[in-house]
Amino acid sequence: MKNRLLAQLPQHKTCLCSIYNPHLYIVDWKDYNKGAVEISGAQRNVINAVHILNENNVKVFFDAFPKNALPITKKKRSRQCECVVFPITCDQDEWILFIETKYANSIHAAKNPDSDYPYCMVRQIKETVSYFRMKGIISENKIVHAIIAFPNLMEGFNSWVFPIKHDGIEESILDIRINDKIIIRATNHAQIVDDTNILLLS
């Protein structure tokens with residue numbers, strides 16, 4: 001998959017890295033210090049993270065999308081999520097995980113209609129996955145995984161995020177699984193089992 005990704009998005013060579021560690025922490029520094037999305041084997045004290053347990057030390061690639069990372073034309077860009085993670089062996093059968101984070105400081109802020117959470121987060125995931133399919137980076141029938149995360153919220157929030165309600169339309173986790181071929185959860189945690197299995201932990 002790495003080769004397909006870089007063939008379509010050669011500019012991502014500078015933001016694609018590999019890592020293996022029993023614990024992987026993904027943070028978005030944008031609101032904190034205008035920094036980038038990063039992955040680390042060590043937990044930061046100053047910012048909360050999406051945590052991926054990786055006890056078997058599966059080596060993964062991490063692509064932290066910079067701003068305007070997914071070009072459609074010279075002037076138009078696709079909406080995008082924060083990043084994608086996948087095993088270095090990834091071809092067709094291995095898991096792929098897309099992640100979108102928002103650093104809301106309370107459930108009230110996370111539910112604020114003015115922010116359009118969590119609908120906009122799901123839309124960013126969907127459009128990123130759709131872009132990857134359109135570009136042939138992943139196949140049309142590939143089932144992928146996705147997380148929408150609120151790292152500052154410690155309690156479980158999957159139950160109030162789904163089903164998504166927007167403009168009078170309701171969409172469940174099952175709807176997204178069937179229509180978009182995305183297994184999605186609202187959580188700050190995942191567990192890598194091996195190259196072909198990953199668990200999204202509520």
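Values in this text are rule-based calculations from the coordinates and carry no lab data. Values in this document were obtained by computation on a predicted structure and should not be read as measured data.
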Just from its helices, what would the mean residue ellipticity at 222 nm be for the chain, if runs of 4 or more DSSP H residues each count -39500 (n - 2.57) and the sum is divided by every residue, rounded to the nearest 500 deg cm²/dmol? -5500 deg cm²/dmol
The extension gain from Asn21 to Ile169, computed as 0.36 nm times the residue separation minus the Cα-Cα distance, is 49.2 nm
Multiply the residue gap between Lys181 and Ala109 by 0.36 nm, knock off their C-alpha separation, and tell me the result in nm, one decimal place. 23.0 nm
Using θ = phi - 60° and Karplus 6.51 cos²θ - 1.76 cosθ + 1.60, couplings along the stretch 132-139 (whole Hz; Gly, Pro as x): 4, 5, 4, 8, x, 6, 10, 6
(i) 50, 40, 29; (ii) 47, 36, 36; (iii) 41, 38, 32: which one is Cα extents along the principal axes in Å as calculated from this entry? (iii)
